[in-house]
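A short worksheet on the structure shown next.
The values are calculated or read from the model by the stated rules, or taken from the named source; none is laboratory data. What you see is a predicted model, and the numbers here were worked out from it, not measured in a lab. When we count neighbours, we look across all protein chains shown, and the Cβ atoms used for this are built from the backbone with ideal geometry, even at glycine. These accessible areas exclude ligands, DNA and RNA; they are computed on the full protein's heavy atoms, side chains included. Shrake-Rupley method; radii C 1.70, N 1.55, O 1.52, S 1.80 Å.
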Amino acid sequence: MTAKLQPNWPPLVTAFNLTGEFVSAAPYGSGHINDTFALTMAVDGESVRYIYQRINEHVFKDIPALMDNIARVTAHIPGGLTLIPCVDGLPFARDADNAYWRCYVFIEKASTHDIVEHAGQARAAAFSFGEFQERLVDLPGPRLNETILNFHHTRSRFNTLQDAIAADTHQRVSEIGDDVEFALSREAMVDRLIDRTARGEIPERITHNDTKINNVMINDATGEGEAVIDLDTVMPGLVLYDFGDMVRTATNAAAEDETDLSKVEARMEIFDALAEGYLAAARKFLDPAEIEELEFSGRLITFEIGLRFLTDHLQGDVYFKTHRSNHNLERARCQFALVRNLEANSETMRGIITDRLK
Ligand code: ADP
Ligand code: GN1
Ligand code: MG
């Protein structure tokens, strides 16, 4: 999906509770889902920035329910991501096309990173995501809304790929035999956590569910985690989905869409830093079964996101934003290469976790 036209800013600026004069707004960040803009206001001669997001309605079917989750979570964890309410009190506004918009305080002097540069960043990010889970253990009120059903139900993701292969709506299957073969060859992985959850061995908790490494802001000066962002999928889930996506996105020495697969490698020193940071924050509330599956979770989530990219390629690139032809295919291939590498390193990772628990 490609980005839509430039928004009409004046009504959006007045809809939210901002002070000062509008200066400028420009597309921002490298997220695959929402349309994100950095907007600058002038307040007494100073520039003040905000993040504006047009929320993806194709992906999220009930945006008021999603925003209700975010309002509850951000209120419970003050000091992180901060929503600016509308003048009418709602946490979102609609534009002339009826699209949904929200506004956040811009977190200054902090950055997101698409590729982890050193172990310190991985440790800080993993600590932040672990601490985020820990702070939500006592969230009051009813169960959070499920903003995307079966989001991390890997069996359902696998079956959807099989359906997309059978339908082959864009006649692409014949070109990707090796990729399809790889995907089908790993079916044995997809039920493991679902089955353990059904047996009551692994608990449901409130989790982030999209712990891509660029969904945490790292303080530029201290190198510590500043805030966990991108809260659209905060909902009931397994902590393993969160740890797994950290492994997928942080250990990879290459970009998510790297086409030179010889560069795709799960860096073990980064895995070690993730284990250290995550356990420092989360160990106090984790169950033994959760700890047992930490190593597996990285392979599983990398495989799952690979399935989703491949499915989107077969369906004609309708879900993730793409920037070139075959972009989703390239992303899928990169994920599958990383799965292979994680498999080869599984014993090493188990050893690292054991050592980090001592
Ligand atoms: P998407 O769902 O499309 O990934 P995100 O919410 O992750 O959207 O935002 C996209 C990018 O915008 C982030 O990776 C980050 O760089 C930047 N961003 C988001 N929220 C903020 C914020 N409050 N302050 C500063 N930058 C932000
Ligand atoms: C999307 O929103 P963003 O870019 O942080 C996606 C994740 C995928 C990720 C792959 C709601 O995350 O599930 O893992 O792309 N988010 C949604 O890069 O589908
Ligand atoms: Mg994001």
Subject >> Estimated distance in nm for a label pair at Ala253 and His58, the labels positioned 7 Å out from Cα along Cα-to-Cβ >> reply: 3.5
Original post:
Rounded to the nearest 500 deg cm²/dmol, what is the calculated helix-only ellipticity per residue at 222 nm for the chain, with -39500 (n - 2.57) per DSSP H run of length n ≥ 4?
Top reply: -13500 deg cm²/dmol
Subject >> Space enclosed by the convex hull of the alpha-carbon atoms of the range 219-356, per residue, Å³ >> reply: 137
Original post:
How would you order 297-303, 145-151 from highest to lowest mean count of nearby Cβ atoms within 10 Å?
Top reply: 297-303, 145-151
**OP:** Convert each backbone phi in the range 134-140 into a coupling constant with the Karplus relation 6.51 cos²θ - 1.76 cosθ + 1.60 (shift: θ = phi - 60°), then list the ³J(HN,Hα) values in order as whole Hz, x for Gly and Pro.
**Re:** 5, 6, 8, 4, 10, 4, x
**OP:** Measure off, as a whole percent, the carbon and sulfur share of the 1.4 Å-probe accessible area of the chain, all protein chains present.
**Re:** 50
**OP:** Alpha carbons only, please: Rg and Dmax for the chain, in angstrom.
**Re:** 20.3, 62
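What accessible area per residue, rounded to a whole number of Å², is obtained for the chain using a probe radius of 1.4 Å?
44
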Subject >> Karplus 3J(HN,Hα) series, Hz, for the range 158-168 with 6.51 cos²θ - 1.76 cosθ + 1.60 (x for Gly, Pro) >> reply: 5, 5, 5, 5, 4, 5, 5, 5, 5, 6, 6
Subject >> Residue pairs, from the table Lys109/Lys321; Lys284/Lys358; Lys109/Lys263; Lys212/Lys263; Lys212/Lys321, whose Cα atoms sit over 23 Å apart >> reply: Lys109/Lys321; Lys109/Lys263
Original post:
Highest mean first, what order results for 127-140, 180-193 on Cβ atoms within 10 Å?
Top reply: 127-140, 180-193
